[in-house]
Structure formats: C-alpha cells, structure tokens
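Participant: The structure follows.
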Amino acid sequence: MDGRPANYKPAYRPTVEELLKRNKEYVATVHKPWPDLGELLEWTSPSTIVIACSDPRCDPQQFMQGRRGEIAAIRNLGGQVEISIVDIATLDSEFQFKELVIVHHTNCGVISLTADGVSEYLKENLPSATKEELAAFPIALFSK
C-alpha cells in the first residue's frame with residue numbers, strides 16, 4: 001500500500017495538446033487583447049509584486065482576488081525570493097513596484113522532498129548524465 005486512501009482516484013492530467021486546444025477555444029471565445037506594454041503603462045500598472053509557490057492550490061491571482069493588471073506574480077518552488085531576484089529587479093525597472101508580498105502556505109509539498117529523492121529521480125531520468133553533472137545540479141529544498 002502506498003499510503004493513499006482506498007477511494008483514491010488520480011487527478012485528471014490534460015495533455016499539452018488538450019491545453020493548446022483549450023487555449024485556442026479561449027482565444028476564440030473569451031480573450032480580449034490588451035494593448036502592448038507601452039500603451040498599458042499609460043493607464044495602469046501593477047504596484048504590487050507577489051512571490052508565491054508554484055503549487056497549483058496556491059494561486060495568488062485567485063486568493064487575493066486580483067483584477068487584471070493589479071498584481072505581478074512570480075511563482076516558484078516554495079515562494080522563494082532569492083531565486084527570483086533577477087526577475088524582480090527586471091520587472092521593477094519597468095513597473096517601479098511599491099510593495100512586495102511573499103506568500104508561504106500551509107501544507108507545502110516542497111517540504112516533503114529530499115535531496116536523495118531528487119537525486120534518484122535525476123539519475124533515473126537522465127541516464128546519460130555523468131556523476132559530476134548530477135552532483136552539480138542545484139537542488140533547492142526546504143524543511144518543516
């Protein structure tokens with residue numbers, strides 16, 4: 001037993017082809033093009049940048065109820081500022097943010113990852129990589 005409840009059903013995972021099809025449908029039925037960035041900045045610009053986890057349960061646009069154009073969001077494993085600093089500085093050069101929000105959430109799946117687990121995954125999925133290449137791969141982990 002792998003620890004999953006007896007009634008466990010894996011979540012549906014759409015293929016890239018299906019996602020592209022959904023995007024075409026969205027473009028044809030919902031999407032309203034925005035002006036280019038220069039025109040956009042003449043009438044609005046996000047004043048807040050949000051750094052959040054890439055966990056699909058933790059979408060800052062959703063839980064902050066952000067309206068289109070209000071916030072700029074950068075998402076990565078664990079909502080790390082350090083690995084996003086180049087992106088933050090680059091975006092800030094254009095938007096001149098007034099506030100930075102860092103979101104860490106409960107039950108973050110990243111805290112359960114181990115260096116050994118990630119290393120084993122890399123070995124299995126990159127069979128042509130040398131030991132040196134695998135050892136040089138940066139693994140960002142967190143603790144509880």
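The values are calculated or read from the model by the stated rules, or taken from the named source; none is laboratory data. Everything quoted here is computed from the prediction, not taken from an experiment. Every residue, glycine as well, gets a Cβ built from its backbone with ideal geometry; the counts of neighbours run over all protein chains shown. To get the accessible areas, we keep the full protein, side chains included, count just its heavy atoms, and leave off ligands, DNA and RNA. Shrake-Rupley method; radii C 1.70, N 1.55, O 1.52, S 1.80 Å.
Participant: Of all residues in region 32-49, how many are touching a strand residue (DSSP E or B) at 6+ places or on another chain (Cβ under 8 Å) and either modelled with pLDDT under 70 or closer than 13 Å to Glu94 by Cβ (or both)?
Facilitator: Summing the residues that are touching a strand residue (DSSP E or B) at 6+ places or on another chain (Cβ under 8 Å) and either modelled with pLDDT under 70 or closer than 13 Å to Glu94 by Cβ (or both) in region 32-49 gives 3.
Participant: Further, regarding this structure: Exposed (fewer than 11 other Cβ atoms within 10 Å of the Cβ) and of a type in the set (S, T, N, Q), is that true of Gln62?
Facilitator: The answer is yes for Gln62.
Participant: So which residues in region 76-93 are open to solvent by 90 Å² or more (accessible area, probe 1.4 Å) and either without any contact (Cβ under 8 Å) to a residue 24 or more places away in the chain or over 20 Å from Ile139 (Cβ atoms) (or both), if there are any at all?
Facilitator: Those that are open to solvent by 90 Å² or more (accessible area, probe 1.4 Å) and either without any contact (Cβ under 8 Å) to a residue 24 or more places away in the chain or over 20 Å from Ile139 (Cβ atoms) (or both): Glu82, Ile85, Val86.
Participant: A further question follows. Just the residues that are of a type in the set (A, V, I, L, M) and touching a Phe, Trp or Tyr at 6+ places or on another chain (Cβ under 8 Å), please, taken from region 89-112.
Facilitator: Across region 89-112, the qualifying residues are Leu91, Val110, Ile111.
Participant: Next question, about the same structure. Do we have any residue at all in region 112-123 that's touching a Lys or Arg at 6+ places or on another chain (Cβ under 8 Å), open to solvent by less than 80 Å² (accessible area, probe 1.4 Å) and more than 23 Å from Ser47 (Cα to Cα)?
Facilitator: no
Participant: For region 99-120, indicate whether the set of residues that are touching a helix residue (DSSP H, G or I) at 6+ places or on another chain (Cβ under 8 Å) and among the charged types (D, E, K, R) is non-empty.
Facilitator: no
Participant: Let me spell it out: the conditions are (1) open to solvent by 80 Å² or more (accessible area, probe 1.4 Å); (2) among the aliphatic types (A, V, I, L, M); (3) in a helix (DSSP H, G or I), and Leu100 meets all of them except one. Which number is the exception?
Facilitator: It is condition (3) that Leu100 fails.
Participant: So Ser47 clears everything in (1) closer than 26 Å to Ala11 by Cβ; (2) small (Gly, Ala, Ser); (3) in contact (Cβ under 8 Å) with a residue 40 or more places away in the chain except one condition, right? Which one?
Facilitator: Of the numbered conditions (1) closer than 26 Å to Ala11 by Cβ; (2) small (Gly, Ala, Ser); (3) in contact (Cβ under 8 Å) with a residue 40 or more places away in the chain, the odd one out for Ser47 is (1).
Participant: Let me ask you something else. For residues in region 33-89 being in a loop (DSSP other than H, G, I, E, B) and of a type in the set (Val, Ile, Thr), which is farthest from Ser112 (Cα to Cα)? Talk me through it step by step, then tell me what you get.
Facilitator: Quick first cut of region 33-89, residues in a loop (DSSP other than H, G, I, E, B) only: 33-36, 44-47, 54-59, 64-70, 77-81.
With the extra rule that they be of a type in the set (Val, Ile, Thr), the set shrinks to 44, 81.
Details: Thr44: 40, Val81: 20 Å.
The selected residue is Thr44.
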